[in-house]
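*Asks:* Next up is a structure, given as structure tokens.
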Amino acid sequence: MKINGGGSNIKPVNPTGAPEVGAGKAGGPQGPATPVAARDKVEITSLSSQLAQLEKMLNDVGVVDAARVDAVKQAIAEGRFQIDSEVVADKLLTTVRDLLVNQQA
């Protein structure tokens, strides 16, 4: 006889009159309430402050290379910007392949 699994739809039932215990509920009287501030303690370690500094530094870093954008704009305006369609096609196929693999995972 299998107790766990096996596709059984049998669920445990709380016997009539038995107190329900769970999710912080207890059947008996509870002790005196303790204020949250008196029993909980939070400590900020040096590692957490280092992480906060790193996060701030990363937020300050620009996502766009403005100098590169200006150089490309200038090249387009002067007609020097060349597009290699094979490179574009290869990168597009790689991106689509990665997206399909990630959807299956």
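*Asks:* As a test of the definition: which semi-axes, in Å, follow for region 42-104 when you take the square root of five times each eigenvalue of its alpha carbon gyration tensor? Largest first, please.
*Replies:* So the three semi-axes of region 42-104 are 38, 24, 6 Å.
*Asks:* Please give every one of the aspartates and glutamates within straight-line cross-link reach of Lys73, meaning a C-alpha to C-alpha distance under 15 Å, and leave out same-chain neighbours fewer than 8 residues apart.
*Replies:* Those aspartates and glutamates meeting the cut-off are Asp65.
Quick note: the coordinates plus some simple rules give every number you see, no bench work behind them. Predicted model, so just to flag it, every value in this text is computed and none were measured.
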